[in-house]
Amino acid sequence: MTTAARGSRIGVARLAAVDAIAADDLHKRYKDVQALDGVSFDVREGEVFGLLGPNGAGKSTTVRVLTTLTRPDSGRASVAGHDVVAHPERVRSAIGYVAQDSGVDWEATGRENLLLQGRIHALAGAPLRARVDELLGLVGLADAADRVARGYSGGMKRRLDIAIGLVHRPRVLFLDEPTTGLDPEARAAMWVEVERLARQESLTILLTTHYLEEADRLAERVAIVSRGRVVVQGRPDELKAGLHGESVTVELRDVDGRLGEASQVVGAIDGAGEVHVEGQAVRARVPDGARAIPVILSTLESRGFSVASVTTARPSLDDVYLHYTGREFATEDEAGRE
Amino acid sequence: MTQVFRHTGWMVVRQARNLMREPIWIAMMVIQPLLWLLLYGQLFSKVPQLRGGASSYVEFLTPGIVCMNAFFGGTWAGMAMITDLDRHVVDRFLASPASRVAIVLSQVIRAGITAVLQALLLLGISYALGVRVHGGVAGWLVVLAASSLLAMVFAGFSNGIALLVRREASMIATANFVGLPLMFLSSILLGVQTMPRWMQDVARYNPVNWGAQAARNAVVVGGAWWPSGQYLLFLLAAAAATTSFATWTFRAYQRSI
């Protein structure tokens, strides 16, 4: 089931549960921009959760609130069981944060970057050195470990960022736009990386992205963010089935006022919705077009209808976004880029 | 509190290590003060009234150049903060348990350490040129204290500005705007008694001049410990004030993200 966000009603009961992250009605304003306008969602322990939305939707601001970098104007949030406003220092010890922009110290080697971050997290001595070696191996930087990061490629810096975020074995990892700026090859490699981390380090991961396919591939559940609000959250396949659906258009010949009956036939399909008539055609949204079409065709023909054509439209990112916001994703994404 | 010191220590090590990887930076840190010393030493050596009681102009100039380096080095210290802001290293620290004070304080202390190393180098070279610190060991310590405190005063200021403007171009403009006037309103190159009356009055409130006077007392006079001590206390207070200013602008930066 998909659940539309209902603002503060998600609230208190869930904050008390074992959620790794609980955001409740977060508001944040920067001068003339309402960056967050009531963001609510929750992430369960151990899951990979995606915040999906166009540029400027409020994803990064949400992450900055959850990582204690910025305070919300109102609303509550807890991460790993700690309130981000009341106990930011506890949150910081429990999380790893991989920002949208790399936080790598260019003039230090990969190993030095990791050692310093480890020390800040109160690690020391042999355990720290062992952990750093382990991570360098994990992200494939063992050979480059003692080179200054200035010479790393974009993908290598990104992998070092992730290692830096993991050095203290955080319970929750934030990945803010992990593949933005990477070429398709590096992006695919990063996806494999994130999947492996989710398994090996048994982490809760919150990732933000403006690529639907990325959320689809990596996230067990997603929340779609638009203009500072979560418009819907749920499993990607459910979102696609329930929200995108597929639109089926059945064009008929010589219907002679029997369009109402044709609509009923189409509407009788399991899960069909938004059935309406357009000229000589019946349009509807069905969960699975491939299964619906044969049933529609055989039922209509058995009742003596003459079918001219049947078309299905595959769901796209624009469709989902359009469905929930009434706006086109690409236009919003471009506008949000500034 | 011990956490602040530990984190400051690691961050100073990080910055120092990064700088040691810049051969050009090291070369400039060594060559530039020497150039000043030799250039000015030659330029003004024939003008006896500039010496202010020293046996040679180089002797007069050495403590001045030590302070000039310390103070110039300090005014540019904020550039490292801007680089860390640009590369999001600061944000990375902020999302970790890193001490907030250490992020700022490490920049200030690093500037102080750099100034001490340069002062030692300059004193060594000028020794070869025949300059003797008349104040002996205590004199050396006063010169080193003056240079490190002076660097920290301006490093605090510079970091505060860096965190306000957050852009290299604005930072450079500010450093230039502050640098030369404060140098000429001090006794770094010329004795205070050669200045017009109003400049002498202004110089009295110039931290650069406090450092230059303390260092010069130690090298040339080899005494006047009480006024020198006062100057050092003024510098300490100023360093505390500018570092507080930087931590205050750091909080302003945090609020802006």
**Request:** Kindly indicate whether A:ASP146 is outside any helix (DSSP H, G or I), in contact (Cβ under 8 Å) with a residue 24 or more places away in the chain and at the interface with another protein chain (Cβ under 10 Å from one of its Cβ atoms).
**Result:** no
**Prompt:** What are the residues in segment A:240-273 that are in contact (Cβ under 8 Å) with a residue 12 or more places away in the chain and at positive phi, if any?
**Reply:** A:GLY245, A:ASP254, A:GLY271
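Results for (1) at pLDDT 95 or above; (2) in a helix (DSSP H, G or I); (3) surrounded by 24 or more Cβ atoms within 10 Å (Cβ to Cβ), shown as yes or no for each residue.
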{"residue": "B:LEU61", "(1), (2), (3)": "no, yes, yes"}
{"residue": "B:ASN69", "(1), (2), (3)": "no, yes, yes"}
{"residue": "B:VAL104", "(1), (2), (3)": "yes, yes, yes"}
{"residue": "B:GLN107", "(1), (2), (3)": "yes, yes, yes"}
{"residue": "B:ALA111", "(1), (2), (3)": "yes, yes, yes"}
{"residue": "B:GLY124", "(1), (2), (3)": "no, yes, no"}
**Request:** State whether the residues of segment A:312-328 include one that is under 25 Å from A:LEU239 (Cβ atoms), surrounded by 12 or more Cβ atoms within 10 Å (Cβ to Cβ), at pLDDT 80 or above and in contact with an Asp or Glu (Cβ under 8 Å, 6 or more places away or on another chain).
**Result:** yes
**Request:** Working carefully through the options A:GLY181, A:GLY165, A:GLY155, find the one that is surrounded by fewer than 20 Cβ atoms within 10 Å (Cβ to Cβ) and either part of a helix (DSSP H, G or I) or among the aromatic types (Phe, Trp, Tyr) (or both).
**Result:** A:GLY155
**Item:** Among residues of segment B:79-92, those that are free of Cβ contacts under 8 Å to residues at least 12 places away in the same chain and either at positive phi or within 7 Å of chain A (Cβ to nearest Cβ) (or both), counted
**Value:** 4
**Prompt:** So which residues in segment A:68-93 are of a type in the set (Lys, Arg), within 10 Å of chain B (Cβ to nearest Cβ) and either out of contact with any Lys or Arg (no Cβ under 9 Å at 6 or more places or on another chain) or on the phi > 0 side of the Ramachandran plot (or both), if there are any at all?
**Reply:** A:ARG90, A:ARG92
**Complete:** Within segment A:81-93, residues part of a loop (DSSP other than H, G, I, E, B) and modelled with pLDDT of 95 or more come out as A:VAL84, A:VAL85, A:ALA86, A:HIS87
**Message:** Cβ-Cβ distance below 6 Å, separation of 6 or more or different chains: which pairs start in segment A:175-203 with a residue that is farther than 17 Å from A:GLY165 by Cα and end on one that is in a loop (DSSP other than H, G, I, E, B)?
**Reply:** A:ARG187/A:THR179
**Request:** Please state which of the following conditions A:TYR30 fails to meet, knowing it meets all the rest: (1) at pLDDT 95 or above; (2) over 23 Å from A:PRO178 (Cβ atoms).
**Result:** (1)
**Request:** Considering only segment A:41-67, state which residues are in a loop (DSSP other than H, G, I, E, B) and more than 13 Å from chain B (Cβ to nearest Cβ).
**Result:** A:ARG44, A:GLU45, A:GLY46, A:GLU47, A:GLY53, A:PRO54, A:ASN55, A:GLY56, A:ALA57, A:GLY58
**Item:** Residues (of a type outside the set (S, T, N, Q) and in contact with a Ser or Thr (Cβ under 7 Å, 6 or more places away or on another chain)) located in segment B:8-28
**Value:** B:MET11, B:VAL12
**Fill in**
If we keep only residues of segment A:102-116 that are of a type in the set (S, T, N, Q) and more than 7 Å from every other protein chain (Cβ to nearest Cβ), then the residue nearest to the chain's Cα centre (by Cα) is A:ASN113
**Asked** A:GLY137 is checked against (1) in a helix (DSSP H, G or I); (2) at pLDDT 95 or above; (3) of a type in the set (Gly, Ala, Ser) and fails just one. What number does that condition carry?
**Response** (2)
**Prompt:** Looking only at segment A:158-211, which residues are at pLDDT below 85, among the acidic types (Asp, Glu) and closer than 27 Å to A:LEU128 by Cβ?
**Reply:** A:GLU193, A:GLU201
**Prompt:** Residues B:VAL13, B:VAL4, B:VAL58: which one is within 26 Å of B:VAL221 (Cα to Cα) and in contact with a Leu (Cβ under 9 Å, 6 or more places away or on another chain)?
**Reply:** B:VAL58
**Fill in**
Taking segment A:50-64 and keeping residues surrounded by 24 or more Cβ atoms within 10 Å (Cβ to Cβ) and either out of contact with any strand residue (DSSP E or B) (no Cβ under 6 Å at 6 or more places or on another chain) or more than 12 Å from B:ILE257 (Cβ to Cβ) (or both) leaves A:GLY50, A:LEU51, A:LEU52, A:GLY53, A:PRO54, A:ALA57, A:GLY58, A:LYS59, A:THR62, A:ARG64
**Fill in**
Output for Cβ contacts, cut-off 8 Å, separation at least six or different chains, first residue assigned by TED's automatic domain parsing to the domain that holds A:LEU66 in segment A:161-173, second polar (S, T, N, Q) and assigned to a helix (DSSP H, G or I), reads A:ILE164/A:ASN113; A:ILE164/A:GLN117; A:VAL167/A:GLN117; A:HIS168/A:SER93; A:HIS168/A:GLN117
**Complete:** Picking from B:ARG14, B:ARG100, B:ARG21, the residue that is within 11 Å of another protein chain (Cβ to nearest Cβ) and touching a strand residue (DSSP E or B) at 6+ places or on another chain (Cβ under 7 Å) would be B:ARG21
**Request:** Looking at (1) part of a strand (DSSP E or B); (2) more than 10 Å from chain B (Cβ to nearest Cβ); (3) touching a residue at least 60 places away in the same chain (Cβ under 8 Å), find the lone condition where A:GLY96 falls short.
**Result:** (2)
**Fill in**
Checked segment A:117-135 for anything within 12 Å of chain B (Cβ to nearest Cβ) and basic (Lys, Arg); matches are A:ARG119
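The values are calculated or read from the model by the stated rules, or taken from the named source; none is laboratory data. Predicted model, so just to flag it, every value in this text is computed and none were measured. For neighbour counting, all protein chains shown are included, and Cβ atoms are generated from backbone atoms with ideal geometry for every residue, glycine included.
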